[in-house]
4 protein chains.
Amino acid sequence: MKRIPVGVLAATGSVGQRFIQLLEGHPWFEVVAVTGSDRGTGKPYGEVCRWLLPGDMPERVRNLPVLPTSPEAVQVPLVFSALPAEIAQDAEPAFARAGIAVCSNASAYRKDPDVPILLPEVNPDHAHLIPVQQSRHQWTGWIATNPNCTSTGMTVALKALQDRFGLKRVFAVSMQALSGAGYPGVPAMDIIDNIIPFISGEEDKVEWEPRKMLGTLGTGGIQLADFGISAHTNRVNVSDGHTVCLTIELEMRASAEEVKRTLREYQAPEIACNLPSTPLPPILVREEENRPQPRLDRMTGNGMTTVVGRVRADSLFDIRLVVLSHNTIRGAAGGSIYNAELLYRMGYIPKP
Amino acid sequence: MKRIPVGVLAATGSVGQRFIQLLEGHPWFEVVAVTGSDRGTGKPYGEVCRWLLPGDMPERVRNLPVLPTSPEAVQVPLVFSALPAEIAQDAEPAFARAGIAVCSNASAYRKDPDVPILLPEVNPDHAHLIPVQQSRHQWTGWIATNPNCTSTGMTVALKALQDRFGLKRVFAVSMQALSGAGYPGVPAMDIIDNIIPFISGEEDKVEWEPRKMLGTLGTGGIQLADFGISAHTNRVNVSDGHTVCLTIELEMRASAEEVKRTLREYQAPEIACNLPSTPLPPILVREEENRPQPRLDRMTGNGMTTVVGRVRADSLFDIRLVVLSHNTIRGAAGGSIYNAELLYRMGYIPKP
Amino acid sequence: MKRIPVGVLAATGSVGQRFIQLLEGHPWFEVVAVTGSDRGTGKPYGEVCRWLLPGDMPERVRNLPVLPTSPEAVQVPLVFSALPAEIAQDAEPAFARAGIAVCSNASAYRKDPDVPILLPEVNPDHAHLIPVQQSRHQWTGWIATNPNCTSTGMTVALKALQDRFGLKRVFAVSMQALSGAGYPGVPAMDIIDNIIPFISGEEDKVEWEPRKMLGTLGTGGIQLADFGISAHTNRVNVSDGHTVCLTIELEMRASAEEVKRTLREYQAPEIACNLPSTPLPPILVREEENRPQPRLDRMTGNGMTTVVGRVRADSLFDIRLVVLSHNTIRGAAGGSIYNAELLYRMGYIPKP
Amino acid sequence: MKRIPVGVLAATGSVGQRFIQLLEGHPWFEVVAVTGSDRGTGKPYGEVCRWLLPGDMPERVRNLPVLPTSPEAVQVPLVFSALPAEIAQDAEPAFARAGIAVCSNASAYRKDPDVPILLPEVNPDHAHLIPVQQSRHQWTGWIATNPNCTSTGMTVALKALQDRFGLKRVFAVSMQALSGAGYPGVPAMDIIDNIIPFISGEEDKVEWEPRKMLGTLGTGGIQLADFGISAHTNRVNVSDGHTVCLTIELEMRASAEEVKRTLREYQAPEIACNLPSTPLPPILVREEENRPQPRLDRMTGNGMTTVVGRVRADSLFDIRLVVLSHNTIRGAAGGSIYNAELLYRMGYIPKP
């Protein structure tokens, strides 16, 4: 199969590098364009980018010239955006207007009523917002986003419970990895022998994005799911992998065993299955009393599986559990690539 | 003033060492006896004990012989117990029977209806269980305990809110320090680049002990406070200082500002004030959006103050906040010493 | 090809687990027997062993019964030994006497004049000690060892320099990973925000083992290489990967460029090439001023490559450089497996 | 005693904050002026400075206005400089020219033949360069520096050995704390589960500064001490406290016991004794096989004492040992304050 040429916007940052790493050898997509800040424009990627991931930068991208982040410079049918929100604000619509499909990790348009926040195993039907978005803006391209990294794992787990038992209220307390703050991100002096009980803007996202993804797409757009979320978000001294403690009030009572079975048996909608990045299994339920742990479990299913553990009854609500998800793979670059695979299968990205 | 000779039971462990460190130079108490496991009995403390705290072991205790943990060997009016629960089970009553006052950090008797769990700034009146305990068991000594380290800080904060607004439901998620697991405790391989979302037995303690301390002492003993607690407890890579995220449903609605004012103005009962270990202030409320942090705030008030931050309204309950407390000072040895000071002032420990 | 059935001695510990992990899917060897301490004997491996590595225990070994560490129980032609030195002392000769080949990671016999310490890319000819050993002890099996984890990487690098320039004196200062201390190993309380400038017995090994491996096998056995090593060994807060700073006095003067070229061009003897575990390349020389780093470089060549960086002239001796090697892969289980592959090719292990 | 009004240049950075912290309550000096970058000028220090140290910013400095770094703005007889080297280059001579004494932690003038690098317990006589410096430049003020933080501890230890045994060659390998890189300094992503075997410019300083401090002041200036130093410098995941492994060739042979005794008995020149910051003892020799350790030993003598351990014979040179010194106290702000105390006693700073 001929591969689709793709671009990575903000390819030199930490999420950008994950895009490059995960797209290396991808069966459908081939990186042919990378963009960066003005400072690096024109130089080879291998010279501009200080590679932060274990192992070496893929050979093939070393010589790609760093381009400016504009649709004129990046003439491909699909781009992955690792742009900062404030730059994505203007740049992503410019790409969509120029007929380019944008799979974005940025938060800029997640709250836009016409832009879906997609998790293929949760709400692939929200992709049908794309034609609405195109017609409203007179775009030939489009923007689709993946959720914030902390919302990702918890939404997958909540989806399984919502389908079966209904959701009323959710308390979420996160312990988030350093890579979630980008690079250079958190100074080592601030986190050694420490935790930081605050991440700017994060609690709002965690309290809202899952409700959009778990909401219903109707003629008037997406109706937010009718349950409440309250969050504390914390930074801990972990490189990768966000852990979230959830306490959940269900519509229907359910035992811990029923909840475990429901999570274990959860299957993604068929359209999200057997894609190159489909996690196997979508949810892994661990039985050990002290799991999931980020160092041990974050790479489950190549970093794409949602790992759940400590499922137990709660004394005030119904159920308590712990969710772990790899924040820069499942929660960022990998999630965005999985979305592109879904949207290609759905026909929103033209065949090469 | 002549000082009261005291003993430290299990003086070689990590909490035992904190007792030794904090009692060095204490104006009222003087360590004259230390006990340890059989292996070390008879040898000088300075030889048996591998000192784990920054700085050197106090000179004065180096030559104390390590004694067996029995009232015959330790003939003093007051002992501090850092015993493991399973040893405390038999040993502490033996001391009480022999006429010795036991201020214990062990969990063995916290659930005993005759044994108070004391925080001087919260429930000094619970000390009146002591005569009940003595008469029931025909003891001339007694046992009083301090709470589990995680319960400590949150109970101080909840007390202020209970007094003013009433409590209905509390969700607590802890991020607990390594020193809470004793020594050797957590293997470094298990916690590097990691968190462990489980601490054996901890959630039960956190859900129960605050209700006893915030309960009412009547003729039939202590009536548990009538509110519910649900907890997740986690181990993080922090040396000292337990952080707890609390989400609180109050009896009466209250704004974040009212809650902050209430916490800030909280005063310990007069009998708990102006003791050598009285924390100043009892509760410190920080305004920065990213505090309290264990590395920066654990030593507030010499490690005895309860530090609260991020007080803000909650979307599902009423109030969210973060509590930090030094787990081996306020939550263990320091708390036990503060209790002894209170109980001395109340006349439960004879004057020297 | 039919695979050779092998046993892993002390399979439940941290190096034992690495053996299990690395032998999973090995083209020549198949784990059919695992041994453990008395406590676990008879139970399935999956029940006895608390798996410490990321990912799950290979399915295939879960149901193997844990056997006692004796040749009667473990009837296979080849065993890998992860035994503690004091147990290896008696156990390994018992296996050799029973006709079993022992590839050992234990230090017990490294100083034995008849037992080779092998690194296939350095001294495969030392394997010829095996018949000497067999005839002296009247054994039909044999013992071959791999070096201490810290000696491993530095010996590979020194070999390349010895061949070309000769060696006179070497100063070595190590910064060693936690996994080198086994499990539970270093308590987290001891290493958080800390280094420990001492590892028991390590400096002796680092000063002696490389001289044996770089020595000459003659009729009278191995003559130690005629150069001196002086070492400081330190423990640092790193999970895997030992880093060693070397300052080297050569027989012949050489520039940093010549040294880099020599390291880069180093080729293992042909007999060590194209084995399943042969590192590619044997030595990787990095040019960045701040590499090698354990987190980024330890998995080079699947954790088998010796990574060298910061090659530069020295003001007192000739050359300074930094060597990194994965301590539980290249420096332990992986090294031992590579040795077994070499010895199979050399005919010391019978074909299946 | 009336205190001398002093200024702190670059008071908002990490070393600047240490100056503020250590000068709080100083018996001789009182901070009346603080400078910062343009961005903060005119605002109160308490508003501009994000306080990084445990505990709170001293009350007294909160309301000091942040001044520009110029002698016109800061009219005091003495300033402490925490300026970056490139700014110190122009700024420090401007202060000296304006008649202000500059005790500098910056590296800009350490190599200047007229500027002393001072450690009061090592080379107080080098202060006599000050009049030479003044006359050459026609300055009424002057500049005196303290050494690089890594050079500090090792020079104190080497001084004791130089006096008694003479020095020939020294190999130094450092493991340096995060705070040595300033703030924000090292990104947490770069150092978690890692070491970085490189610190820009550090090896040059470590190889040269001790030779100047241990050199002889004659009529032609300072003659460098006639011995060689070779260094590897590494960054490790430690908050404060630089550890250096030294291997030393002496002029006269000496046993480990003689070296320990010599270090233990080392006394600072009388003029450096009994100053407010004089470390007690100047050198502490620890006997435990695994000390010094940064977390346990860095605060020895209020962070001013040089702690030595693991003194043992070396197989290639004469002696091996490990030196620990607090890098932001003894090796930066505290060292500079100690210098000012010395220079005040010597009459180089006018009485208030």
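Residues checked against (1) more than 30 Å from B:G185 (Cα to Cα); (2) modelled with pLDDT of 95 or more; (3) not assigned by TED's automatic domain parsing to the domain that holds B:G16:
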site: B:V259; (1), (2), (3): yes, yes, yes
site: B:I271; (1), (2), (3): yes, yes, yes
site: B:P276; (1), (2), (3): yes, yes, yes
site: B:P281; (1), (2), (3): yes, yes, yes
site: B:R295; (1), (2), (3): no, yes, yes
site: B:R298; (1), (2), (3): no, yes, yes
site: B:V322; (1), (2), (3): no, yes, yes
site: B:I337; (1), (2), (3): no, yes, no
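Checking the conditions here, which among B:E209, B:E203 is among the acidic types (D, E) and surrounded by fewer than 24 Cβ atoms within 10 Å (Cβ to Cβ)?
Values: B:E209 fails: surrounded by fewer than 24 Cβ atoms within 10 Å (Cβ to Cβ).
On inspection, the qualifying residue turns out to be B:E203.
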Exercise for review: With the checklist (1) assigned to a loop (DSSP other than H, G, I, E, B); (2) in contact with a helix residue (DSSP H, G or I) (Cβ under 8 Å, 6 or more places away or on another chain); (3) under 27 Å from A:R110 (Cα atoms) in hand, flag the one item A:T233 doesn't pass.
Suggested key: (1)
**Study point:** Qualifying residue in segment B:54-68 (condition: over 21 Å from B:G141 (Cα atoms), charged (D, E, K, R), in contact with a Gly (Cβ under 7 Å, 6 or more places away or on another chain) and not in a loop (DSSP other than H, G, I, E, B))
**Key:** yes
Practice item. Return only the number of the condition from (1) closer than 24 Å to D:P294 by Cα; (2) assigned to a loop (DSSP other than H, G, I, E, B) that D:V308 does not satisfy. Key: (2)
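Of C:S336, C:S277, which residue is part of a loop (DSSP other than H, G, I, E, B), in contact (Cβ under 8 Å) with a residue 60 or more places away in the chain, closer than 23 Å to C:G25 by Cα and more than 10 Å from chain D (Cβ to nearest Cβ)? It would help to see each step written out before you state the result.
Values: C:S336 fails: part of a loop (DSSP other than H, G, I, E, B).
Step by step, each of C:S336, C:S277 is checked, and only C:S277 is part of a loop (DSSP other than H, G, I, E, B), in contact (Cβ under 8 Å) with a residue 60 or more places away in the chain, closer than 23 Å to C:G25 by Cα and more than 10 Å from chain D (Cβ to nearest Cβ).
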Revision key, fill the gap. Within segment B:204-228, residues within 17 Å of B:G331 (Cβ to Cβ) and facing chain A (nearest Cβ under 9 Å) come out as B:E207
Practice item. Please go through segment A:230-239 and pick out each residue that is buried (at least 24 other Cβ atoms within 10 Å of the Cβ) and out of contact with any strand residue (DSSP E or B) (no Cβ under 6 Å at 6 or more places or on another chain). Key: A:N237, A:V238
Practice item. Would you confirm whether any residue within segment C:312-329 is farther than 21 Å from A:G55 by Cα, surrounded by 24 or more Cβ atoms within 10 Å (Cβ to Cβ) and touching a Lys or Arg at 6+ places or on another chain (Cβ under 7 Å)? Key: yes
**Study point:** Verdict on D:L53 being under 23 Å from the mean Cα position of the chain (by Cα), at pLDDT below 95 and either crowded, with 24+ Cβ neighbours inside 10 Å or within 30 Å of B:T306 (Cα to Cα) (or both)
**Key:** yes
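If I go through segment A:3-20 residue by residue, how many of them are touching a residue at least 60 places away in the same chain (Cβ under 8 Å), more than 14 Å from chain D (Cβ to nearest Cβ) and either among the acidic types (D, E) or crowded, with 24+ Cβ neighbours inside 10 Å (or both)?
The first filter runs over segment A:3-20 and keeps only residues touching a residue at least 60 places away in the same chain (Cβ under 8 Å), leaving A:3-11, A:13-16, A:18-19.
Checking the rest, the ones that are also more than 14 Å from chain D (Cβ to nearest Cβ) come to A:3-11, A:16, A:19.
If we keep only those that are either among the acidic types (D, E) or crowded, with 24+ Cβ neighbours inside 10 Å (or both) as well, we get A:6-11, A:16, A:19.
Number of matching residues: 8.
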Practice item. Filter segment B:19-44 down to residues that are within 15 Å of B:V66 (Cα to Cα) and in a loop (DSSP other than H, G, I, E, B), then give me how many there are. Key: 5
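Being within 11 Å of chain C (Cβ to nearest Cβ) and either surrounded by fewer than 16 Cβ atoms within 10 Å (Cβ to Cβ) or not polar (S, T, N, Q) (or both) is the filter here, so list the residues in segment D:285-298 that pass it. Working first, answer last.
Quick first cut of segment D:285-298, residues within 11 Å of chain C (Cβ to nearest Cβ) only: D:286, D:288-298.
Across segment D:285-298, the qualifying residues are D:R286, D:E288, D:E289, D:R291, D:P292, D:P294, D:R295, D:L296, D:D297, D:R298.
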Point to revise | Among residues of segment A:251-284, those that are surrounded by fewer than 22 Cβ atoms within 10 Å (Cβ to Cβ) and hydrophobic (A, V, I, L, M, F, W, C), counted | key: 8
Point to revise | helices (runs of 4 or more DSSP H) contained in segment C:120-197 and holding at least 2 residues within 14 Å of chain B (Cβ to nearest Cβ) | key: C:188-191
Review point. Do you know which of the residues in segment B:101-116 that are within 14 Å of B:S151 (Cβ to Cβ) and touching a Phe, Trp or Tyr at 6+ places or on another chain (Cβ under 9 Å) is surrounded by the fewest Cβ atoms within 10 Å (Cβ to Cβ)?
Key: B:K111
Study note, to complete from the structure: By residue number, the members of segment B:95-119 that are part of a loop (DSSP other than H, G, I, E, B) and under 14 Å from B:A85 (Cα atoms) are B:N105, B:A106, B:S107, B:A108, B:Y109, B:R110, B:K111, B:D112
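Does D:P68 count as under 29 Å from D:S151 (Cα atoms) and modelled with pLDDT of 95 or more?
Working: under 29 Å from D:S151 (Cα atoms): no; modelled with pLDDT of 95 or more: yes.
Against the criterion (under 29 Å from D:S151 (Cα atoms) and modelled with pLDDT of 95 or more), D:P68 does not qualify.
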Check your understanding: Residue check: is B:L263 outside any loop (DSSP other than H, G, I, E, B) and either within 30 Å of B:P77 (Cα to Cα) or within 14 Å of another protein chain (Cβ to nearest Cβ) (or both)?
Key -> no
Point to revise | From D:G141, D:G180, D:G185, residue being surrounded by fewer than 24 Cβ atoms within 10 Å (Cβ to Cβ) and either at pLDDT 95 or above or at negative phi (or both) | key: D:G185
Review point. Under 9 Å by Cβ, and 6 or more places apart or on different chains, what pairs join a residue from segment C:197-215 that is under 19 Å from C:H126 (Cβ atoms) with one that is at pLDDT 95 or above and among the acidic types (D, E)?
Key: C:R211/C:D226; C:G215/C:D226
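Among the residues of segment B:29-39, are any surrounded by fewer than 16 Cβ atoms within 10 Å (Cβ to Cβ), without any contact (Cβ under 8 Å) to a residue 24 or more places away in the chain and either in contact with an Asp or Glu (Cβ under 8 Å, 6 or more places away or on another chain) or polar (S, T, N, Q) (or both)?
Step one: list which residues in segment B:29-39 are surrounded by fewer than 16 Cβ atoms within 10 Å (Cβ to Cβ), which gives B:37-39.
Next, only the ones that are without any contact (Cβ under 8 Å) to a residue 24 or more places away in the chain stay: B:39.
Now restrict to residues that are either in contact with an Asp or Glu (Cβ under 8 Å, 6 or more places away or on another chain) or polar (S, T, N, Q) (or both): none.
No, because not a single residue in segment B:29-39 is surrounded by fewer than 16 Cβ atoms within 10 Å (Cβ to Cβ), without any contact (Cβ under 8 Å) to a residue 24 or more places away in the chain and either in contact with an Asp or Glu (Cβ under 8 Å, 6 or more places away or on another chain) or polar (S, T, N, Q) (or both).
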Review point. Of all residues in segment A:205-221, which are part of a strand (DSSP E or B) and either outside the structural domain of A:G180 (by TED's automatic domain parsing) or touching a helix residue (DSSP H, G or I) at 6+ places or on another chain (Cβ under 6 Å) (or both)?
Key: A:L217
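Can you tell me how many residues in segment A:299-327 are under 18 Å from A:P147 (Cα atoms) and within 14 Å of chain B (Cβ to nearest Cβ)?
Final tally of qualifying residues: 6.
Going by the conditions given, is D:E47 over 18 Å from D:N339 (Cα atoms) and not in a loop (DSSP other than H, G, I, E, B)? If you could, list the steps in order and put the result at the bottom.
Details: over 18 Å from D:N339 (Cα atoms): yes; not in a loop (DSSP other than H, G, I, E, B): yes.
Yes; evaluated as a whole, the condition is true for this residue.
The values are calculated or read from the model by the stated rules, or taken from the named source; none is laboratory data. If you're wondering where the values come from, they're calculated on a predicted model, not measured in any experiment. So basically every Cβ, Gly included, is an ideal-geometry build from the backbone, and we count neighbours across all protein chains shown.
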